[in-house]
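Just so it is clear, none of the values below were taken in a lab; they were calculated from the coordinates. The structure presented is a predicted model; accordingly, all values stated were derived computationally and were not measured. Cβ: placed from backbone, ideal geometry, glycine included. Neighbour counts: every protein chain shown.
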Amino acid sequence: MKTAAAITVPEDERLEVLRRRLLYGCLLLALAIRLPALHGGLWFDEIWTLVDFGRLPLGELLTTYGSDNNHPLYSILARVSILIFGEQAWSLRLPALIFGLLSIVELHRLGRLLLGPRRALLAAFILAIAGPHVWFSTNARGYTALLYFSLLATRQLLLMREDRGRGPLIKQALALALGSYVHATMVFVALAQFVGGALVLRGRRRRRALGAVLLAGAVSLALHAPILGEMSDFLLGGEGHAKMSSVWNSPLWMLREAAARFGLPFPVAVIAGLSGLVLGGIGLRRLARIDVMLPVMILGPALLGAVTMIALGRHLWPRFFFFEIGFALLLVVMPLGERPTGSRFGLRRSVDRLLILVLVTLALLSLLRSQPLRPKQDFAGAATHADELPAGRVATVGLARMPYADYIVRPYRAIEKRAELEAMLAEGEVFVIDTLPIFLETRQPEIARLVRERGVVEMRFPGSLGGGDVVIWRLR
C-alpha cells in the first residue's frame, strides 16, 4: 500500500496544472466575450469581403485577387465556413474568432519562453479582455491570423537559436508564408526576422534562420502565383494608388484613430501611451539582454511598415499594425514581477500590483468602450427605418450604396452624380443614406456639399466602428 508521501504530487507539477487551468480560463472568458459580438451587423469591409470573395466558388477564389480588401487565406477559410454553415455573419467571422483564440495561446507560449509563466499568463489575460482584440476577433478580416502567424514565427526563430533541429525552421517558414498569404504586411515581419538572424546568429543557426525566410518566400510565391499578376497591377498602380484623403496619410491621424479603437478619450490615451512607452522601453532593454534579436524583430516590422506606407503615399490604417499588439503587451509586462532583494522588495511588489491593476483596468475600459454588443455598422437598422419612408424617395450615396445593392438588398436609388440627386429633389423630399462621410467628401464632394446644404439628420444609427454611424438625411 502506497503512503501519502508516495502519492503526493510535486509542487512544480501542481503549479503547472494550475497555470494550464488559468490559461483555459482565459480562453473560455475570451470566447464568452466574443460570442455575442460574432452575430452583430457587418460593416462595409466585411460586406465587401462577402460580396466579392465569400460567394465565389473555391476554384475561382484561388485565382482572383480583386482588390486589397481580399485577404486570400482568410477569404478561402471564410468561403469554406460559409459552405459548411451557410451564409451568416457568424460563419463569415468564424476564422477570425479561431485565430483570435489561437493568438492568445501563442502569446502565452512566446511569453513563457521570454518572461516566464506568471507574466505570460498576465499578457494572455490582458489580450483576452482587450477591446481591440475582441473587435478584430469578430471582424471578418485576416488581422487576427496575421497576429497569430507573427507570434508563431517569432517563437520558432527563438527556438531555432537553441538548435532544436529542423522543426522550428519549417514551422517558421510556414508561419511567414501563410501570414503573407493573409496580408502583405507580413513581409515586414519576414524582413525584420531576416535582418535579426543575419546580424545576431552565427554558423549553422544563421544559415537555418536565413534559410527559413528564403523558404517562406518560395512558399509564399507559390501560394500567390495564381493571383500575382493581378495583385501587382493593383498594388503598384491604378486603383491601388487611389487616394481618398490626405488626412488618412497622417501619423497623427493614425494615433488618434488607434486611441479611438481602444475606446479611450485622446488625452487619456496619450497618458496611457506615454506610460506604456516608459514600461515598454524598460521591457525592450531587458528583452535585449535575453536575446539581442528581439528589439529588431519587435520594432522592425512596425517601423518598416510605417516608412513604406508613408513613402508610397498609402493610408496609415491602424489595423495594419494590429499584429504588434502581442509584442507590445510582452514589452509592457516585462518589467513587472521581477523580485529585487532587500528592503526594496515590498515597495516593488506594491508598485507591480498597482501597475497590473492599471493595465487590467485600461483593458476592461477598452472592452466597454469598444461596444462589442453593437453592430459594427447598423445597415439593417437603417433599412428598417427607411422601409417606412415614402416609396421611391430613398437614395444611397458614397459607401452606403454597395451594402444596399448587394447585401441588404433594397430598391433604393444609388446616387453617383450630383445631377441625379438634384433631379430627385426637383420631384420632392428625398431621404439620403450615408456612412463614413470622409469618403463622400473626398470622392464625391459635390454630392457631399448638397447633402450638407439641403439636409438635416433624420435618424442616426450608431455602431462600434469609429465614425461608421449609418445616417439618414432628410433633404428638402
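Nearest 500 deg cm²/dmol is fine: what mean residue ellipticity at 222 nm does the chain get from its DSSP H runs of n ≥ 4 alone, each adding -39,500 (n - 2.57), divided by its residue count?
One gets -21000 deg cm²/dmol as the mean residue ellipticity at 222 nm.
Just how large is the dipole of segment 109-221 about the Cα centre, in debye to the nearest 20, putting +1 at every Lys and Arg Cβ and -1 at every Asp and Glu Cβ?
520 debye
Among Phe136, Val189, Phe44, which residue has its Cα positioned farthest towards the positive end of the charge dipole of the chain, with +1 placed on the Cβ of Lys and Arg, -1 on the Cβ of Asp and Glu, and the dipole taken about the Cα centre?
Towards the positive end, the residue furthest out is Val189.
Mind checking the angle between helix 167-182 and the chain's longest principal axis? C-alpha axes, 0 to 90 degrees, to the nearest 10.
Taking Cα atoms only, the helix is inclined about 10 degrees.
Through the Karplus equation 6.51 cos²θ - 1.76 cosθ + 1.60, θ set to phi - 60°, convert the phi angles of segment 396-402 into ³J(HN,Hα) values in whole Hz; use x for Gly and Pro.
10, 9, x, 6, 7, 5, 4
Which cross-chain or sequence-distant (5 or more) residues have an amide H under 5 Å from the amide H of Met459, H modelled 1.01 Å from N in plane?
Ile472
Can you work out ³J(HN,Hα) from phi for every residue in segment 418-432, in order, using Karplus 6.51 cos²θ - 1.76 cosθ + 1.60 and θ = phi - 60°, giving whole Hz and x for Gly and Pro?
The phi angles translate into 4, 4, 5, 6, 5, 5, 5, 5, 5, 9, x, 5, 10, 10, 10 Hz.
I want the antiparallel fraction of DSSP beta bridges within the chain, as a percent rounded to 5.
Beta bridges within the chain, antiparallel portion: roughly 70 percent.
Enter the angle in degrees (range 0 to 90, nearest 10) between the Cα long axis of helix 11-37 and the first principal axis of the Cα atoms of the chain, meaning the one along which they spread out most.
Approximately 0 degrees, to the nearest ten.
Could you size up the charge dipole of segment 348-403 around its Cα centre, putting +1 on the beta carbon of Lys and Arg and -1 on that of Asp and Glu, and report it in debye to the nearest 20?
Using only the charged Cβ atoms, the result is roughly 440 debye.
Angle, helix 445-454 long axis vs. longest principal axis of the chain, Cα atoms, 0 to 90°, nearest 10?
Value to nearest ten degrees: 70.
Which one of Met424, Met334, Leu475 has its Cα pushed farthest toward the positive end of the charge dipole of the chain, where Lys and Arg give +1 and Asp and Glu give -1 at the Cβ?
It is Met334.
Which residue, Leu287, Ile98, Ser150, has the largest displacement toward the positive end of the dipole of the chain when charges sit on each Cβ (Lys, Arg +1; Asp, Glu -1)?
Towards the positive end, the residue furthest out is Leu287.
Which value, in debye to the nearest 20, gives the size of the charge dipole of segment 359-476 about its Cα centre, when Lys and Arg are +1 and Asp and Glu are -1 at the Cβ?
With only Lys, Arg, Asp and Glu charged at Cβ, the dipole is about 260 debye.
Quick one: which residues, 5+ away or cross-chain, put their amide H under 5 Å from the amide H of Ile433? H built at 1.01 Å from N.
Under 5 Å from the amide H of Ile433 lie the amide H atoms of Ala395, Thr396, Val397, Trp473, each far enough along the sequence or on another chain.
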